[in-house]
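Asker: Pasting a structure here, questions to come.
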């Protein structure tokens, strides 16, 4: 007499669903060579309907308070941005400004869900030994959406990031930060 087969029951895990949502849908090598934020926008969260992205993010964030997600999605979920497109526009404006200045390099991806950041490579000359260059990163932690972290050695404690009060503040102070940080 044949044995009755048990059906395999699979239940979705929100963490797995979220990791797939932030995973770029192209070869990672092509993401690694990106020189602008727009070139890294290849995951489901970048192109799916915004309300679906927000709903999945809210569900996943309930399970994991430290959920990997781009700055713009955290800001959008908190009500600080009106749309994903507004976040993309800011990323692109920062990229355009820094691309026109010598020494700034876009680092496309350093952790899951991130949008990348910019490093000011000449700043490494200001410290002796291995260093982390002056870094500009987009953030959800304040409504200026930008933080700058001064150059520092890899052996010491990293200085706290300084809040940049938006694109106007970045434009007016960038030359000073390049010379000091």
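The values are calculated or read from the model by the stated rules, or taken from the named source; none is laboratory data. Fair warning: this is a prediction, and the values are worked out from it, not measured in the lab. Here the Cβ is made from the backbone with ideal geometry for all residues, glycine too, and neighbour counts use every protein chain on show.
Asker: Can you give me the number of residues within the stretch 62-89 that are surrounded by fewer than 20 Cβ atoms within 10 Å (Cβ to Cβ) and modelled with pLDDT of 95 or more?
Answerer: 11
Asker: Please enumerate the residues belonging to the stretch 99-111 that are in a loop (DSSP other than H, G, I, E, B) and over 16 Å from residue 41 (Cα atoms).
Answerer: Let us first name the residues in the stretch 99-111 that are in a loop (DSSP other than H, G, I, E, B), namely 100-103, 108-111.
If the condition is that a residue be in a loop (DSSP other than H, G, I, E, B) and over 16 Å from residue 41 (Cα atoms), then 100, 101, 102, 103 are the ones that fit.
Asker: Which one is surrounded by the fewest Cβ atoms within 10 Å (Cβ to Cβ), of the residues in the stretch 97-111 that are free of Cβ contacts under 8 Å to residues at least 60 places away in the same chain and in contact with a helix residue (DSSP H, G or I) (Cβ under 7 Å, 6 or more places away or on another chain)?
Answerer: 105
Asker: Follow-up. In the stretch 11-28, how many are modelled with pLDDT under 90 and either under 22 Å from residue 83 (Cβ atoms) or not in a helix (DSSP H, G or I) (or both)?
Answerer: 8
Asker: Considering only the stretch 92-109, state which residues are within 19 Å of residue 23 (Cα to Cα) and touching a strand residue (DSSP E or B) at 6+ places or on another chain (Cβ under 7 Å).
Answerer: As a first pass, look at the stretch 92-109 and keep what is within 19 Å of residue 23 (Cα to Cα): 107-109.
Selection gives 107 alone.
Asker: Before we move on, is residue 94 buried (at least 20 other Cβ atoms within 10 Å of the Cβ), within 17 Å of the chain's Cα centre (by Cα) and without any contact (Cβ under 8 Å) to a residue 60 or more places away in the chain?
Answerer: Numbers: buried (at least 20 other Cβ atoms within 10 Å of the Cβ): yes; within 17 Å of the chain's Cα centre (by Cα): yes; without any contact (Cβ under 8 Å) to a residue 60 or more places away in the chain: no.
Spelling it out, it is not the case that residue 94 is buried (at least 20 other Cβ atoms within 10 Å of the Cβ), within 17 Å of the chain's Cα centre (by Cα) and without any contact (Cβ under 8 Å) to a residue 60 or more places away in the chain.
Asker: In addition: Pick from 159, 70, 133: which is in contact with a helix residue (DSSP H, G or I) (Cβ under 8 Å, 6 or more places away or on another chain) and more than 30 Å from residue 15 (Cβ to Cβ)? Walk me through it before giving the result.
Answerer: Numbers: 159 fails: in contact with a helix residue (DSSP H, G or I) (Cβ under 8 Å, 6 or more places away or on another chain); 70 fails: more than 30 Å from residue 15 (Cβ to Cβ).
Just a single option satisfies the conditions, and that option is 133.
Asker: Also, I was wondering about something else. What residue, among those in the stretch 29-46 that are more than 23 Å from residue 136 (Cβ to Cβ) and surrounded by 12 or more Cβ atoms within 10 Å (Cβ to Cβ), is modelled with the lowest pLDDT? Full working, then the answer.
Answerer: As a first pass, look at the stretch 29-46 and keep what is more than 23 Å from residue 136 (Cβ to Cβ): 29-30, 44.
With the extra rule that they be surrounded by 12 or more Cβ atoms within 10 Å (Cβ to Cβ), the set shrinks to 30, 44.
Numbers: 30: 66, 44: 93.
Of everything passing the filter in the stretch 29-46, 30 is modelled with the lowest pLDDT.
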